[in-house]
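Peer 1: Structure provided below as structure tokens; questions to follow.
Readers should treat all values here as calculations from the given coordinates under stated rules, not as data from a laboratory. All of these numbers come straight from a predicted model, not from anything done at the bench. Please note: Cβ atoms are built from the backbone with ideal geometry, for glycine as well, and neighbour counts cover all protein chains shown.
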Amino acid sequence: MIVTDIVRTDKKKSLIYIDYEKAFSLYNSEITRLGIETDKELDSTSYNEIMNDILPERCRERAVYILKDSDKSEFILRDKLSKGGYPAIIIDKVIADFKEYNYIDDERYVKNYVKYNISAKSKSRIINELYAKGICKTLISKAFDEYEDEDINEVQYELVKKEFLKKRYDFLGDDKNLLNKIITALMRKGFKYDDIMQVYYELKREN
């Protein structure tokens, strides 16, 4: 194992390349202590200390810190640890341990995410946000299955209605320019055109 490059990532840490591939990040003081230098071989004793002692414990501590303030999906946690310079083999072990002790649970995460966002966001937007967090379609569908379709439709109806009321839309005057702006704003939030117009026509009849 030849150290082919050492790239400083900040004042305290550097990224080590072994055989021209990213290997791991270490504190500069550790690099000095272990005698790691460019174009020199990394001895097995130092490598084992890094992979078995230094990085696993540090990776666990980092994962705990990431989860300290809020729950995260496995995908997000894995991504943050990877960006921190931890090798995939160590991340895999930490993730496995955290899943075993229920520190991370994608099914729980999705259930809570839907629960806390269903009254504020469109269903489509929630689904897209969960996809971006690496959540699979099966878990998303399962989370929404806990709600009756009628309940979801009612919540979504109220969200669209709220937008019309917020803009003080005059259904008698029926300003088409303002209507188009409201429709555009709602579609950006993930609401479907047909659903918006359904609410519009119902509100128009009421007024």
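Peer 1: Long-range amide H contacts for residue 25: which residues qualify at under 5 Å (H placed 1.01 Å from N, peptide plane, sequence gap of 5 or more or a different chain)?
Peer 2: Those qualifying (amide H under 5 Å, at least 5 residues apart or on another chain) are 16.
Peer 1: In the range 3-100, with Lys and Arg counted as +1 and Asp and Glu as -1 at Cβ, which of these residues, 26, 88, 75, has the Cα nearest the positive end of the dipole, that is, farthest along it?
Peer 2: Of the listed residues, the answer is 75.
Peer 1: May I ask which of 115/161; 115/189; 83/121 have a Cα-Cα span longer than 26 Å here?
Peer 2: 83/121
Peer 1: Relative contact order, percent, of the chain when contacts are C-alpha pairs under 8 Å separated by at least 6 residues?
Peer 2: Relative contact order here is 14 percent.
Peer 1: To the nearest 10 degrees, how steeply does helix 123-132 sit against the main Cα axis of the chain, on a 0 to 90 scale?
Peer 2: 10
Peer 1: Quick check: the distance between the Cα centres of the range 48-126 and the range 152-186, to the nearest angstrom?
Peer 2: Distance between centres, Cα-based: 38 Å.
Peer 1: Sticking with this structure for a sec: Can you tell me the 0 to 90 degree angle between the C-alpha axis of helix 106-117 and the longest principal axis of the chain, rounded to 10?
Peer 2: Between the helix axis and the principal axis of the chain, the angle is about 40 degrees.
Peer 1: Moving to a separate point now. Enter the angle in degrees (range 0 to 90, nearest 10) between the Cα long axis of helix 55-67 and the first principal axis of the Cα atoms of the chain, meaning the one along which they spread out most.
Peer 2: Here the helix axis deviates by roughly 20 degrees.
Peer 1: With θ set to phi - 60° and the Karplus curve 6.51 cos²θ - 1.76 cosθ + 1.60, what are the ³J(HN,Hα) couplings of the range 137-142 in order, to the nearest whole Hz, using x for Gly and Pro?
Peer 2: Residue by residue, the range 137-142 yields 4, 4, 5, 5, 4, 4 Hz.
Peer 1: Which option, (1) 136; (2) 164; (3) 115, is the value of volume of the Cα convex hull per residue in Å³ that was calculated from these coordinates?
Peer 2: Computed from the coordinates, volume of the Cα convex hull per residue in Å³ corresponds to (2).
Peer 1: Can you give the charge dipole size of the chain about its Cα centre, rounded to the nearest 20 debye, using +1 on the beta carbon of Lys and Arg and -1 on the beta carbon of Asp and Glu? Numbers along the way, then the final one.
Peer 2: Working: 38 positive and 40 negative charges, 202 e Å.
It comes to approximately 980 debye.
Peer 1: When ranked by the protection proxy of mean other Cβ atoms within 10 Å per residue, highest first, what sequence do the peptides 130-140, 162-172 form?
Peer 2: Final packing ranking: 130-140, 162-172.
Peer 1: So which aspartates and glutamates pass the test for residue 80, namely a Cα distance under 18 Å, with those fewer than 8 places away in the same chain ruled out?
Peer 2: 10, 57, 61, 69, 71, 92, 97, 105, 106, 129
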